[in-house]
Each structure stands twice: as structure tokens, then as C-alpha cells.
Amino acid sequence: MPELPEVETVRQGLARYVVGRQIQAADVLHPRAVRRHVAGAADFAAAVAGRTVTQVCRRAKYLWLALDSGDAVLGHLGMSGQMLVQPSTAAAGPHLRVRFTFADGGPDLRFVDQRTFGGMLVSRGGAQLPREIAHIARDPFDPLFDPEAVVAALRRRRTGVKRALLDQTLIGGVGNIYADEALWRAGLHGDRLAASLSRPVAHRLLGHVTEVMTEALAQGGTSFDALYVNVNGESGYFDRSLAVYGREGQPCRRCGTPIRREPFMNRSSYSCPRCQPRPRQTARASAVTQHPRPRQRVPE
Ligand SMILES: [Zn+2]
């Protein structure tokens with residue numbers, strides 16, 4: 001599944017190849033690809049035909065092409081989606097879902113998606129920020145990301161800190177892998193109550209989240225050649241640089257203790273039992289869940 005750094009790589013590539021070009025037509029080859037465009041495929045095609053792409057933007061793992069009409073083509077890659085910039089003469093593969101041709105006769109933009117979990121829609125008036133994703137918070141790559149505000153919000157959460165990191169309304173685009181890696185760097189167990197973190201510790205944790213994602217963008221950004229923008233869902237970064245994720249039983253890179261795996265929201269959490277001890281009862285998120293108390297204002 002493409003993670004945020006790969007989606008950002010795709011955004012940068014698309015910005016280079018499609019901004020300023022006028023879309024001639026959009027051919028929807030599989031209705032599932034535009035299932036979230038409730039007005040249907042013909043309406044989707046009509047909304048983009050003749051429009052010029054003014055910008056390529058991203059919020060968490062959503063991408064959108066801002067159009068000169070003020071609308072946006074909003075897309076999510078899902079599990080296996082790819083945005084390919086290919087010569088219009090290139091053969092259509094079996095998983096081509098939507099094909100955009102351009103008035104200049106240059107390369108197409110092709111949305112290819114084997115498993116069809118991804119998709120596109122036209123967001124009316126969404127060029128600045130599609131309302132469909134307005135609830136998703138900014139991520140650390142966003143120029144307007146505000147660490148102070150995120151730290152303050154994090155410290156108001158009466159959930160485990162990992163759960164808070166994965167909450168897209170708090171901080172966008174942090175997946176399971178980044179959360180585990182950042183928690184390991186910070187020496188925090190994911191079940192630690194977010195509201196129990198001191199301001200410096202919360203800042204340090206957020207710094208580690210940013211650092212992990214920045215390294216992934218620098219090292220693992222999917223390569224693309226001229227005329228070929230691709231997300232393959234795999235990142236070299238994850239093979240080489242992971243400290244805990246997927247490393248159950250292997251030695252901690254800091255202290256040598258075997259990495260543990262624990263169930264977490266139908267998935268797994270990986271951590272070092274020594275570097276990231278389980279929190280004491282009073283600082284554990286589950287303690288709050290089991291014994292709900294009235295919301296308290298957390299001292300700053
Ligand atoms: Zn360790």
C-alpha cells in the first residue's frame with residue numbers, strides 16, 4: 001500500500017508533467033474507479049473535458065488536480081493504484097481505469113489500479129481543498145503544518161499515543177509503520193496515554209514522526225523516469241531502515257532485546273520491550289477506557 005512519502009513523490013512527478021496542460025478528454029474504462037463520483041462517469045468526463053490543470057495538491061494520501069474551473073479531480077491510490085504518465089500511443093494495460101488525454105497531444109495521464117480500491121471523483125469547487133477531505137489534518141510536509149497546535153491537541157487526547165498518531169483528524173498521513181518507528185525512536189510505548197505526555201516529550205515524538213517520514217521521502221521515494229510516474233506500493237526504505245516494524249523476535253537495533261509484536265486495532269504493533277516499557281497503570285490508555293472519568297482539563 002502506498003504510504004505518504006510515495007504519494008508525495010507521485011504529486012511532485014504529476015506536477016511536473018500535467019500542470020498547465022489542457023485535458024482533452026477523460027475516458028472512464030471501469031465504473032468502479034469513479035464510484036465515489038455519484039453523478040456517474042459521464043458527468044465526471046464532462047466536468048474535466050477542456051479544463052486546464054493549474055496545480056497538483058495533496059492532503060495526507062489524497063491527491064488532487066486543481067482545474068481552472070475551480071473544480072478538482074480528487075484521487076486516492078488505494079492499495080494498488082498508480083498514476084502513469086505515458087505516451088498516448090502506449091498500449092493500454094489490463095488494469096487501466098481512467099485515461100486522460102491532453103489537447104497538446106503529449107503524454108496521457110493514466111490511472112491504473114489492479115485491485116480497484118482506489119478511485120477518483122470530481123469535487124465541485126474543490127480546487128483549493130476538496131470538501132470531501134477537509135476533515136483530514138495537515139501532515140508534516142504541508143507548509144502550513146503547525147507543530148505547536150498538533151502537540152497541544154495530542155496532549156488533550158485521552159487515548160493511547162499510537163491511536164492518537166493514527167487519527168487523521170489530528171495529523172494527516174501517519175500510517176502504522178511510521179507510528180511504530182517514531183514511537184521506538186522516542187522510547188514510548190504506544191499504549192501510553194497521550195494526555196500524560198509532557199510538552200517536550202510530545203514535541204520530541206512529533207519530531208521523530210516528521211524525521212521518519214522525511215527519511216522515507218528522501219530514500220524511498222519511488223523512482224520515475226521521464227514520462228513515467230509510478231507508485232508500486234513498495235519502498236526500498238522499508239526494507240533497509242526499519243527499526244521495529246515487521247521485526248518480531250529480531251534484536252532491537254539499540255539494545256539487542258528481541259522486538260515484540262502486540263495486537264493493535266486488528267493490526268500489529270512492534271516495539272522493544274526494554275526501550276519502550278509498557279506504561280504504568282495510571283499512564284495507560286486502557287486504564288482510561290476501563291474506568292471512564294469526566295473529561296478533565298489537562299494542565300499545560
Ligand atoms: Zn531496545
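The values are calculated or read from the model by the stated rules, or taken from the named source; none is laboratory data. Computed from a predicted model, the values in this text were never measured in an experiment. A quick note on method: Cβ atoms are made from the backbone with ideal geometry, for glycine too, and the neighbour counts reach across all protein chains shown. Keep in mind that these areas ignore ligands, DNA and RNA; they rest on the heavy atoms of the full protein, side chains included. Shrake-Rupley method; radii C 1.70, N 1.55, O 1.52, S 1.80 Å.
Summed over the stretch 244-259, the residues that are open to solvent by less than 40 Å² (accessible area, probe 1.4 Å) and more than 10 Å from the ligand (Cβ to nearest atom) give a count of 1.
Is it fair to say residue 205 is assigned to a loop (DSSP other than H, G, I, E, B), open to solvent by less than 20 Å² (accessible area, probe 1.4 Å), at pLDDT 95 or above and touching a helix residue (DSSP H, G or I) at 6+ places or on another chain (Cβ under 7 Å)? Let's see the steps before the verdict.
Numbers: assigned to a loop (DSSP other than H, G, I, E, B): no; open to solvent by less than 20 Å² (accessible area, probe 1.4 Å): yes; at pLDDT 95 or above: yes; touching a helix residue (DSSP H, G or I) at 6+ places or on another chain (Cβ under 7 Å): yes.
No.
Taken over the stretch 70-107, the residue count meeting the criterion of being free of Cβ contacts under 8 Å to residues at least 24 places away in the same chain and over 16 Å from residue 34 (Cα atoms) is 7. Scan the stretch 126-141 for residues that are over 17 Å from the mean Cα position of the chain (by Cα) and in a loop (DSSP other than H, G, I, E, B) and the total you get is 3.
Can you tell me which of 67, 74 is more than 29 Å from residue 209 (Cβ to Cβ), modelled with pLDDT of 95 or more and crowded, with 21+ Cβ neighbours inside 10 Å?
Details: 74 fails: more than 29 Å from residue 209 (Cβ to Cβ).
The unique qualifying residue is 67.
Please go through the stretch 190-202 and give me each residue that is in contact with a Ser or Thr (Cβ under 9 Å, 6 or more places away or on another chain), of a type in the set (A, V, I, L, M) and not in a helix (DSSP H, G or I), ordered by number. Break it down stepwise before answering.
Step one: of the stretch 190-202, the residues in contact with a Ser or Thr (Cβ under 9 Å, 6 or more places away or on another chain) are 190-191, 193-196.
From what's left, of a type in the set (A, V, I, L, M): 193-195.
Within the stretch 190-202, just 193 meets the criteria.
In summary, residue 60 fulfils each of the numbered conditions (1) on the phi > 0 side of the Ramachandran plot; (2) surrounded by fewer than 16 Cβ atoms within 10 Å (Cβ to Cβ); (3) under 22 Å from the mean Cα position of the chain (by Cα) with the single exception of condition (2). What pairs come up if the first residue lies in the stretch 108-135 and is of a type in the set (Asp, Glu), the second is open to solvent by 20 Å² or more (accessible area, probe 1.4 Å) and not in a strand (DSSP E or B), and their beta carbons are under 7 Å apart, counting only those six or more places apart or on different chains? Qualifying pairs under 7 Å: 108/88; 113/80; 113/95. Sub-9 Å Cβ pairs linking a first residue in the stretch 165-191 that is on the phi > 0 side of the Ramachandran plot to a second residue that is hydrophobic (A, V, I, L, M, F, W, C) and within 16 Å of the ligand (Cβ to nearest atom), at least 6 apart or interchain, are 187/272; 187/275, ordered by first then second residue. Of the residues making up the stretch 140-171, those that are in contact with a Lys or Arg (Cβ under 8 Å, 6 or more places away or on another chain) and closer than 30 Å to residue 38 by Cα number 4. Of all residues in the stretch 143-189, exactly one satisfies the criterion of being acidic (Asp, Glu), over 26 Å from residue 261 (Cβ atoms) and in a helix (DSSP H, G or I), namely 148. Within the stretch 262-289, being away from the ligand (no atom under 11 Å from the Cβ), crowded, with 17+ Cβ neighbours inside 10 Å and over 11 Å from residue 160 (Cβ atoms) holds for one residue alone: 270. Of the residues making up the stretch 73-125, those that are part of a loop (DSSP other than H, G, I, E, B) and more than 19 Å from the chain's Cα centre (by Cα) number 17.
Of all residues in the stretch 214-267, which are at pLDDT below 75 and not in a loop (DSSP other than H, G, I, E, B)?
Looking only at the stretch 214-267, we keep the residues that are at pLDDT below 75, and these are 219-240.
Hits for the stretch 214-267 are 219, 220, 236, 237, 238, 239, 240.
Surrounded by 18 or more Cβ atoms within 10 Å (Cβ to Cβ), farther than 24 Å from residue 266 by Cα, in contact with a helix residue (DSSP H, G or I) (Cβ under 7 Å, 6 or more places away or on another chain) and among the hydroxyl-bearing types (Ser, Thr, Tyr) - does that describe any residue in the stretch 101-122? So far as the stretch 101-122 goes, no, none of its residues is surrounded by 18 or more Cβ atoms within 10 Å (Cβ to Cβ), farther than 24 Å from residue 266 by Cα, in contact with a helix residue (DSSP H, G or I) (Cβ under 7 Å, 6 or more places away or on another chain) and among the hydroxyl-bearing types (Ser, Thr, Tyr). Among the residues of the stretch 149-169, those identified as open to solvent by 40 Å² or more (accessible area, probe 1.4 Å) and of a type in the set (Lys, Arg) are 156, 157, 158, 163.
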